[in-house]
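The values are calculated or read from the model by the stated rules, or taken from the named source; none is laboratory data. All values reported here derive from a predicted model rather than from experimental measurement. All Cβ positions, glycine included, derive from the backbone under ideal geometry; neighbour counts span all protein chains shown. Remember, those area values only see protein heavy atoms, side chains included, never the ligands or the DNA or RNA. Shrake-Rupley method; radii C 1.70, N 1.55, O 1.52, S 1.80 Å.
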Amino acid sequence: MTLKQKENIIGYSFVLPTLVGFFCFSLGPMLSVIVLSFFSWDLWTLPRFVGFNNYKALLHDVHFLNTFKNTLIFVGGVVTLEIIVGLFIAVLIEQKRYRFLKSGFRTVYFFPYVISSVAIALVWHFLLNPDLGVINYYLGKIGIPRINWLFSSHWARVSVIVVEVWKNIGFYVVVFLAGLQNIPKQLYEAAEVDGANRRQQFFHITLPLLSPTFFFLSVIGFINAFQIFDTPFVLTRGGPGGATRTIAVYIYETGFRFFRMGYAATLACILFACIALLTLVQFIVSRKWVFYR
Amino acid sequence: MRFSKIGLLVLSLAVIGSVAFGVTTVKFVFWLWAPEALEGWKKTFEGFVAENPGIQIDYIPVPGATWGEYLDKVSAMIAGGERPDAMWVATEGMRFLLAKNLIRPLNDYIERDKAELQEFFDDVAPALRDAMTFDGKIYALPYSWNNMVIWYNTKMFDELGIPYPTENWTREDFIAIAKKLTVDKDNDGKPDQYGFAIEPAYFGGTIPWIFARGTSLFNEDLTKSNANDPRVIEVMQFLQDLIYKEKVAPIPGYGPTFELFMAGKIGMFAAGRWPVVTFVQAGFKDCDIQYWPLWDKDTPRLTLFGVDGIVLFTTSQHPEETWKLIKYLARKDVQAKLVGTLESPVSNIPVRRSLATSEELMGALPPKHFKIFYDSIEKYPAKPVPAPIFFTQVEEIWLRYVSAILANEISAQAGCLKAHQEFTSLLEEH
């Protein structure tokens, strides 16, 4: 055995545990979902091959269109807010005068990200309760009339977006902070010498140099937002009237409540195709605006 | 290598042994609605094995908050290759199992053991037995059941000097009482206690009112939607009005109903027997029950109920042994310890009249007028919860529109008509 072969074996044995996990728990199930989408299966009896019937049924499924619309609303709201608010907080924390508090702030903002999302949704459920919740109580104190956070289709969507953003914001803040720290200080010094004010510095140095961070976060954000499940599932149960039912919730219900595994697999395939396509488009468009040093 | 050979030897000996000594194993799946219920089940199985030395029970407790959740988990288990012999299931799930040809009729067994089972069937209300019968064939021995009654907080009634409701109270009386119970104590324009809490539920919230109105959500054989019936629309309008016009009920999602009821924030709510365990654990006694209010003086009462039982799977390799277990679980001395006691599912009413009306068993727990439970199914005509085969989908559709109606986002009429459309296409599709 040559040294090279030996090194190869050692190398592969290092990645083997991950590889086995990937094949068993990611790639395998993914492929079986694609196969399953051509079957009708109720879990109790054997699967039956139905060809493209599941895909044809998709065309007449009003729920699918509704849940898709809801998902797009959440994707738009959540990703936009996460990036804008995340950047805003990161820039605030990065201010020179708050430097000594930086690690404290970072921890505080990151905290929700590591808490179980079901626990988060349950706590927000109490906070947002229209009659007994703390939020309406304090809003009432400053003269804002009672808002029906969870049981009106308009506000329920807002609530889901708010909770989702609150939960994930820490991740965005931390990544933005890393991006900000990577920007060489000389650039700001040079800009100052040239007479650029803070605003000009932000728009002409900070933003362009953060473009790889923006790109990374938007790709991750879109992928995650398309799969929003726990927040609406626990917070609003998809209601009222299906206003907060996302595709992921619909897939779960179709598969595990209505026992239509084949159709659920079809929906999952469509969701996968959407995310893959969107990510591809993002990568192509990114060549135009992402600036790598 | 040596080790595996020994292992193989031991294993084959065990197999030969169990066959030679005639030990069969019956696999039984049941709903573990609360962890503390397991003890009672274990004792029951021990009792069975002691009486039937040749039979072992491989019991699989499946946790879940509702019957639906339980069925979901069992489905995943079946998909994973598990093959139970018997299962505890509610009628909603039975129609599904039946449509898939997964359970077998018990008529032959019952006919054969007629003498032994006579006492059981004499002790069970006919409606409960009939609910297990499809196309003339009975698929389960009923085990426990629930109906819908109005629970009321006696302390709140006493404080406000409101007389307790009587058996033949009508919807008008109900609204009048609810209005009296709704009080704005601190005069901030917002009630601090409400008369009634509406559960945006199927069995537990809307169907009892629809039955009271003398109609149903589906036709008799559950093949056609009846959600466009003007009487159904009238019921949904009434429920919407309780919140927005009469203002005697909070919007759904106000808070945990049982806790608010115990805290005196809600005067009345609708349920079967299932609040009992919460009340007993909290030491709460200021409550009682009354029949569901009549819609008006001219509409007769129709009791809504849901029942469960033990079914025998077609795939079972040991139907005789499984049947023995099913019979054992129907026995009076077994049910007396297992159904409706604090150690076991206190959430349900025993199917046996002698147990459900027993002072000793039921009288030890709230409510005081527990006899209403069994009277409701024997003194009045009764029908099981209308559950077509695709019940989970039906329930999802209905609750989606119910939640929209109760959130005042859609009119009762529009909601019912849209639900009707969806029901119709669902039932046509299958």
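Here are the numbers for this structure:
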{"read-out": "Kyte-Doolittle mean at least -0.5 and Cα axial length at least 27 Å: DSSP H helices in chain A", "value": "A:3-22, A:62-94, A:153-181, A:261-289"}
{"read-out": "Amide H contacts of B:Phe218 (H built 1.01 Å from N, under 5 Å, at least 5 apart or other chain)", "value": "B:Asn226"}
{"read-out": "Interface residues, the range A:114-135 - accessible area loss of 40 Å² or more versus chain alone, probe 1.4 Å", "value": "A:Asp131, A:Leu132"}
{"read-out": "Solvent-accessible area buried by pairing A with B, both sides, nearest 100 square angstrom, 1.4 angstrom probe", "value": "2500"}
{"read-out": "Nearest 10 degrees, 0 to 90: helix B:38-51 Cα axis against chain B principal axis", "value": "40"}
{"read-out": "Sulfur and carbon atoms: percent of accessible area, the range A:109-238 [1.4 Å]", "value": "66"}
{"read-out": "Computed magnitude of the charge dipole of chain A (debye, nearest 20; Cβ of K, R +1, Cβ of D, E -1)", "value": "320"}
{"read-out": "Solvent exposure, largest accessible area first (probe 1.4 Å, DNA, RNA and ligands not counted), of A:Val108, A:Val249", "value": "A:Val108, A:Val249"}
{"read-out": "Total charge dipole magnitude, the protein assembly as shown, about the Cα centre, Cβ charges on Lys, Arg, Asp, Glu only, Debye to nearest 20", "value": "2660"}
{"read-out": "Accessible area per residue, Å², the range B:245-389 with all protein chains present, probe 1.4 Å", "value": "37"}
{"read-out": "Accessible area of B:His420 in the full protein assembly, 1.4 Å probe (Å², nearest 10)", "value": "40"}
{"read-out": "Per residue solvent-accessible surface (Å²) - the range A:203-287, probe of 1.4 Å", "value": "37"}
{"read-out": "Residues of the range B:404-419 buried by at least 40 Å² on assembly (accessible area, 1.4 Å probe, chain alone as reference)", "value": "B:Glu409"}
{"read-out": "Accessible area of A:Cys274 in the full protein assembly, 1.4 Å probe (Å², nearest 10)", "value": "40"}
{"read-out": "Nearest-ten-degree value, helix B:2-20 long axis tilted from longest Cα axis of chain B", "value": "80"}
{"read-out": "Full-extension gain in nm, A:Ile84 to A:Arg146, via 0.36 nm per residue minus C-alpha separation", "value": "19.5 nm"}
{"read-out": "For the range A:183-293, fraction of C-alpha pairs farther apart than 26 Å, in %", "value": "46"}
{"read-out": "For the protein assembly as shown, convex hull volume per residue from C-alpha positions, Å³", "value": "233"}
{"read-out": "Nearest-10 value in Å² for the accessible area of A:Val50, using the 1.4 Å probe", "value": "30"}
{"read-out": "Whichever lysines have a C-alpha closer than 21 Å to that of B:Lys265, once near sequence neighbours (fewer than 8 apart) are set aside", "value": "B:Lys155, B:Lys179, B:Lys180, B:Lys185, B:Lys190, B:Lys245, B:Lys247, B:Lys285"}
{"read-out": "Tensor-based shape of the range A:215-274 (alpha-carbon gyration tensor, a/c under 1.5 rounded, otherwise prolate or oblate)", "value": "oblate"}
{"read-out": "Student exercise, the range A:111-245 dipole from Lys, Arg, Asp, Glu Cβ charges, in Debye to nearest 20", "value": "360"}
{"read-out": "Peptide-level mean, for B:246-255, of C-beta atoms on other protein chains within 10 Å", "value": "4"}
{"read-out": "Which of B:Phe121, B:Ile410, A:Thr2, positive extreme of dipole for the protein assembly as shown (C-beta unit charges)", "value": "A:Thr2"}
{"read-out": "Cα lying deepest toward the dipole's positive end in the protein assembly as shown, options B:Tyr202, A:Tyr263, B:Pro35, charges on Cβ", "value": "A:Tyr263"}
{"read-out": "Among A:Val118, A:Gln95, A:Cys274 - extreme Cα towards positive end, dipole of the range A:54-289, charges at beta-carbon", "value": "A:Gln95"}
{"read-out": "Cα gyration tensor shape for the range A:1-144, rounded if a/c is under 1.5, else prolate or oblate", "value": "oblate"}
{"read-out": "Rg over Rh, two decimals, the range A:54-289 (C-alpha only, Kirkwood Rh)", "value": "1.04"}
{"read-out": "Carbon + sulfur, % of accessible area of chain B - ligands and nucleic acids excluded, 1.4 Å", "value": "55"}
{"read-out": "For chain B, calculated [θ]222 nm from helices alone, where every DSSP H run of n ≥ 4 adds -39500 (n - 2.57)", "value": "-13000 deg cm²/dmol"}
{"read-out": "Helix B:412-429 vs. chain B, principal-axis angle (Cα, 0 to 90°, nearest 10)", "value": "20"}
{"read-out": "Space enclosed by the convex hull of the alpha-carbon atoms of chain B, per residue, Å³", "value": "171"}
